[in-house]
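Everything below concerns the one structure shown next.
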Amino acid sequence: MEKRSNLFDLTGKVAIVTGGSRGLGLEMAKAFAEQGAHVVIASRKLEACEQVAQALARDFGVRALPVAFHAGKWDDAQRLIETAEEAFGRIDILVNNAGSSPRYSSLTAIDEALWAKVLDLNLRGPFRLSTLAAERMHKAGGGSIINISSAGALQPSEHELPYAMAKSALHTMAAGMSRLYEGKVRINTLVPGVFQTDISKAWTDDMIQTMSGLVPMGRLGQPREIVGAALYLASDAASYTTGAVLKVDGGWAYSRG
Ligand SMILES: NC(=O)c1ccc[n+]([C@@H]2O[C@H](COP(=O)([O-])OP(=O)(O)OC[C@H]3O[C@@H](n4cnc5c(N)ncnc54)[C@H](OP(=O)(O)O)[C@@H]3O)[C@@H](O)[C@H]2O)c1
């Protein structure tokens, strides 16, 4: 029987990871570089991106480009895409990973500024970046876009409702966009449950225990555990997968009463 090649190989591909300097984004960028992809690390703090880019280039022998980028700003999307294109001449993978949900005391305490900030970062920016990247990927023959949603989009709580609404709109965006580009640009949604990234540093042991109790697997996710799904969606392993919603949440979403 003929030996199958490495389905997850990304040698020579170019991947942009927004929010690639920390947390899930850093793990995904590292996994892509481990598989041979050149990576663009884009977040607000350039110094953090530079440090990650240097480490990836050193450890995996790929090219890594740090770019200062605000995911909520319309014009920054264009600048990021053009910067990546100028440096590498192509874009094969885009991960819309930068995202967050600020705290608020009640739904009526949400003011217009908070609403705009959450929607800009979690939806407006990813939309602009996806459309710009998809058009270029299509012209070049194909690519993969991965939008990082949240289990909160499937099972929303009043504590992060605008964020959950923005994230659920990413599912709609992927469903709509995946019908375009003759299927050559695959656009999928990756749905993390609760992961112990920097956000969890403020959580007490009791909080972690309570949250873990809601997860069928009985524990929270470790950042490294997002990697398998990201590599799958980014690579030829997912050559027949587009418009999909892939949960990586220990079984959490839909499991609460
Ligand atoms: N961790 C979880 O439990 C969890 C659960 C569900 C969904 N998610 C989603 O997964 C993604 C990653 O979460 P995470 O926990 O890994 O986050 P994180 O550890 O807080 O890291 C966030 C990353 O995004 C960047 N970032 C934040 N705001 C940005 C902005 N306005 N423009 C550009 N970059 C920005 C940060 O860098 P700078 O500070 O330099 O900008 C950092 O690299 C997010 O979309 C989040 O909503 C996470």
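Quick notes
- Whichever residue in segment 147-188 is part of a loop (DSSP other than H, G, I, E, B), among the small types (Gly, Ala, Ser) and within 13 Å of the ligand (Cβ to nearest atom) and, among such residues, is nearest to the chain's Cα centre (by Cα): 149
- Filtered residue count, segment 189-239, keeping only those that are part of a helix (DSSP H, G or I) and either of a type outside the set (Gly, Ala, Ser) or touching a residue at least 24 places away in the same chain (Cβ under 8 Å) (or both): 24
- Hits in segment 135-146 (condition: away from the ligand (no atom under 13 Å from the Cβ) and under 20 Å from residue 20 (Cβ atoms)): 136, 137, 143, 144, 145
Just so you know, all these numbers are worked out from the coordinates, no wet-lab data involved. All values reported here derive from a predicted model rather than from experimental measurement. As a convention, Cβ positions derive from the backbone with ideal geometry for all residues, glycine included, and neighbour counts pool all protein chains shown.
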